[in-house]
1. Okay, which of the range 233-251 sit inside 18 Å, backbone N to the point 7 Å along the Cα-Cβ direction of residue 12?
2. What value, in deg cm²/dmol to 500, does the helix sum -39500 (n - 2.57) over DSSP H runs of n ≥ 4 give at 222 nm once divided by the residues of the chain?
3. In whole Hz, what ³J(HN,Hα) sequence does the range 381-395 give by Karplus (6.51, -1.76, 1.60; θ = phi - 60°), x for Gly and Pro?
4. May I ask you to give the solvent-accessible area per residue for the range 372-444, in square angstrom, as obtained with a 1.4 angstrom probe?
5. Under a plain spin-label model, where a point goes 7 Å from the Cα along Cα-to-Cβ, how far apart in nm are residue 449 and residue 191?
6. For residue 223 and residue 377, calculate 0.36 nm times their separation in residues minus their Cα-Cα distance, and state this gained length in nm to one decimal.
7. Which order do 309, 200, 439 take by accessible area at a 1.4 Å probe, largest first?
8. Roughly how many whole Å is it from the C-alpha centroid of the range 388-406 to that of the range 1-31?
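The values are calculated or read from the model by the stated rules, or taken from the named source; none is laboratory data. For clarity, every value in this text was computed on a predicted model and none was experimentally measured. For neighbour counting, all protein chains shown are included, and Cβ atoms are generated from backbone atoms with ideal geometry for every residue, glycine included. With ligands, DNA and RNA removed, areas are computed over all heavy atoms of the protein, side chains included. Shrake-Rupley method; radii C 1.70, N 1.55, O 1.52, S 1.80 Å.
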Amino acid sequence: MAERTKYILDEADMPTRWYNVVPDLPEPPPPPLHPGTREPVGPDDLAPLFPQALIAQEVSTERYIDIPEEVLEVYRLWRPSPLFRARRLEKALGTPARIYYKYEGVSPVGSHKPNTAVPQAFYNAAEGVTRLTTETGAGQWGSALAFASATFGLECEVWQVRASYDQKPYRKLMMETFGATVHPSPSELTESGRAILAADPDSTGSLGIAISEAVEQAAQAENTRYALGSVLNHVLLHQTIIGEEALKQFELAGDTPDVLVGCTGGGSNFGGLAFPFLREKLAGRMDPVIRAVEPAACPTLTRGKYAYDFGDTAGLTPLLKMHTLGHDFIPDPIHAGGLRYHGMSPLISHIYELGLIDAIAIGQEDCFAAGVQFARTEGIIPAPEPTHALAACIQEALRCKETGEEKVILTALCGHAHLDLPAYGAYLAGDISDHALPDEALEKSLAGLP
């Protein structure tokens, strides 16, 4: 019998609970603080932005949270997602390593983002909310929330970072097809947007600015709440269905990962894959190296400061203890729009501080080279974001070629690039260059920490 290339679970084997890593950590993460009082925020502080069910999940100390049947029903449109063995890539690299990738590009919008967009829309609709606001970088999150909002009958308004709004017109069309309204950010529609444009009329925007605009709009309307695609605990919680499925699929494969690699911007894709494996590591059942990979142009874990900072540029959100480049930081308009966030998930930052994971940063030229090699061997053109993880996987596999080690490498291929092809066009034309973050720019943005 030929060796298997893909490992597919039956719908009946799809996990029915999300996993909360917090109870299993050696010490709890620091709490968010109120921006005015500097005291830990309570549920009432978050109520203008989120429904009660999500606030409860954000602060939960329960190890597992049941997935509502209404959410599972929508998940079944694409879940369980496949786990692939990258045999052709292994052969091209000449490595003894075994490379696996969990492929989230099979979702309706082509990424992992609906794993949290669907429950967020469900919980909001269940509490009588009729409109959601959000930000998006590359447009994957905006597309996912537009899809989820349409599924549960909600209006959806999206502020898309200007650099990505201009680079990726088809993302805007996808969001509009699902019924969303899309604005470039910064915009003239909000106080925070107008302030940015007054200071810099040509601003390319940032996720921090777009968050300010979406939060400002949500806080002003009774029927409206805000939805976030990464960073916060409840978002990473919803994504753990990725890792829970992957654990079951590794049982089918009869294998165990030695190295787990994920791209990290805000942290949802990385946490979604890594947290269930971290549980197994903490329990002594396996011992993988868990590696976060970020862009050299926006290196929060590897060069940022671990400090309390705002989640947005205007300072409207609670203060979060996280690895940050400073809430004023405007990253270079690299093509991996989903990784251009000034901060890292507080939970991932805390886990990094505990020494349970490591982190590296890679420039976009190496990432696109990895993306092209992956496309030409495995047949999937990866979104610019997961090319960071693929570049790190290839580095690890080539080290195994030198040492002869037969390591098992796992990564999350969190989306395809069908709507990101202009980025590949720029790379193939030789128009992609690396943007290393200068020390003086970092020092300037960190000087504004609260």
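1. Only 248-249 fall inside the zone, counting backbone N under 18 Å.
2. On the way: 19 runs with 185 residues, N = 450.
Here the helix-only value at 222 nm equals -12000 deg cm²/dmol.
3. Those phi angles translate into 8, x, 4, x, 4, x, 4, 5, 5, 5, 4, 5, 4, 5, 4 Hz.
4. On the way: 3290 Å² over 73 residues.
Result: 45 Å² of accessible area for each residue.
5. A separation of 2.8 nm, rounded to one decimal place.
6. Details: separation 154, 0.36 × 154 = 55.44 nm, distance 4.88 nm.
Taking 0.36 nm per residue and subtracting the Cα distance, the gain is 50.6 nm.
7. Details: 309 0, 200 70, 439 95 Å².
Output order, biggest surface exposure first: 439, 200, 309.
8. Centre-to-centre distance over Cα atoms comes out at 24 Å.
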